[in-house]
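Below: one structure, written as structure tokens.
Since every read-out is calculated from the coordinates, none of them should be taken as a lab result. Quick caveat, the model's predicted, so the values are computed rather than measured. Cβ atoms come from the backbone with ideal geometry, glycine included; neighbour counts cover every protein chain shown.
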Amino acid sequence: MLIPARPEASCPPAMGSIAPDGVGASVERSIGMEEAAAFDRVAERKKAAVSAGLMWKPPAAMVLVQLIITGLIMLSKVVISRGMFIFALHAYRSAFGTMCILPFAMFYERGKWKELNWRTLGWICLNSCIGYAMPTCLNYYGLRDTTPSYAAIFLNIIPLITFILSTVLRMEKLQFRTATGSLKVVGVLLAVGGTMLVSLYKGKVLHLWGSSLRHQRYEQPHTAKHHVRGTILLLGSSFTFASWYPIQSMVNKVYPHKYWSSTATCFLGGLQTTLIGIILRRDRNTWKLGWDLQLLTIVYTAVLATAVRYNLESWAVAKRGPAFPTMFIPLITVFTTVLDSIFLGAAITVGSLLGAVTVIAGLYVFLWGKSKELPTK
């Protein structure tokens, strides 16, 4: 039996009225849009947080690296001034450094040591001598004859000497007629002028702190007497360290495994200085270590100045590019100047300040020109 439809059910809806199904769909669409907007806001906040982290973490890591290097320079100056044999210091530093880098090589580059051959070992041996053992020992001897703040200035000219060597070896084009090439040349000239200024001109001594802060003053007539010799040694250290980059580029071509390469370089460099040191001094007391500042300096060098520094710089290069770590090198000059004056009583002169500022300005002009060559992401 068919039931007739009710008359009111067959009538069309009145003007302006909305069907119940339309109301539900509209509400669902509104809720969906609100949820999507909320999701987008959360995603934007997460993205902003990640971007903020990427903004401050690499600079903070590089500032920490410069503080670590500053601590290394200060500790090295103290133990060398107390009579520690420099070849023994480098040998123990290399031994502890090898033990610190070796676990990274075994974990991240497992089995890659099998790819080592005589040709690869030859390049690594050359690199460990010219790019590691020689510059480090020359720097130690230059530091012995000068002050930490003075020695730190020469770290700023290493990238510039590297550029000069790369140009001479035709690994890099000068391009003087371009803006990039002109900036790099101006940066090199400023750095050379600043180095000459800080070496030849002293000027008035600036008393920035009270004498009460300098409670541990080291009077070293030896430092003043052999200042010229120390300058030559520091320049030699900068030149030999700058030669590390061209040699390292060849090592990377024949053996592109950075952890094993660094482990072998550290081990072979330490072996070389050990053999030379034994020839120079065979007294057992020269090589004896105790629970004192010498052992602390060696452990500090191996753990912080080698393993931690290496990983922080590698991470920063991956995040910001190869030129990023060099931008923070001038901070070492600032940190060592302050700490050297406070704790070791070194005099701050007008000439040293003007020279340091000129060298730092030259470095930044050079890096400005260098950054224009890097591809933008």
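Show the residues, 5+ positions off or on another chain, whose built amide H is closer than 5 Å to the amide H of Thr349.
Here Leu206 satisfy the definition.
Could you point to the residue in Ile68, Pro159, Val303 farthest towards the positive end of the range 65-371's charge dipole, with +1 and -1 charges on the Cβ of Lys/Arg and Asp/Glu respectively?
Pro159
Past the 30 Å Cα-Cα mark, which pairs from Lys173/Lys253; Lys204/Lys372; Lys57/Lys204?
Lys204/Lys372; Lys57/Lys204
In whole Å, how far is the Cα centre of the range 269-291 from that of the range 70-111?
14 Å
If you count, for each residue, the other Cβ atoms within 10 Å and average over each peptide, how do 244-256, 329-341, 145-157 line up from highest to lowest?
My ranking of the peptides, most packed first, is 145-157, 329-341, 244-256.
Can you compute the equivalent ellipsoid semi-axes for the range 224-376, i.e. the square root of 5 times each eigenvalue of the Cα gyration tensor, sorted largest first and rounded to whole Å?
29, 26, 17
Cut-off is 10 Å between beta-carbons; in what order do Arg320, Arg144, Arg82, Arg93 appear when sorted fewest neighbours first?
With the fewest neighbours first, Arg320, Arg144, Arg82, Arg93 line up as Arg82, Arg320, Arg144, Arg93.
Arranged from highest to lowest average of other beta-carbon atoms within 10 Å per residue, in what order do the peptides 115-121, 306-312 appear?
306-312, 115-121
Ranking Trp113, Trp291 by Cβ neighbours within 10 Å, fewest first, what do you get?
Trp291, Trp113
From the C-alpha coordinates alone, can you work out the Kirkwood hydrodynamic radius of the range 65-371, in Å?
20.3 Å
How big is the shadow of the Cα convex hull of the range 44-177, averaged over all directions, in nm²?
13.8 nm²
Take the alpha-carbon centre of the range 157-175, take the same for the range 329-377, and report the distance between them in whole Å.
20 Å
Can you give the net charge of the other residues whose Cβ lies under 13 Å from the Cβ of Gly351, counting K and R as +1 and D and E as -1?
+2
With 10 angstrom as the radius, rank Met327, Met171 by how many other C-beta atoms surround their C-beta, starting from the fewest.
In order of increasing Cβ crowding within 10 Å: Met171, Met327.
As I understand it, the dipole of the range 65-371 uses +1 on the Cβ of Lys and Arg and -1 on the Cβ of Asp and Glu, about the Cα centre. Which of Tyr92, Gly270, Asn117 lies farthest toward its positive end?
The listed residue farthest towards the positive side: Asn117.
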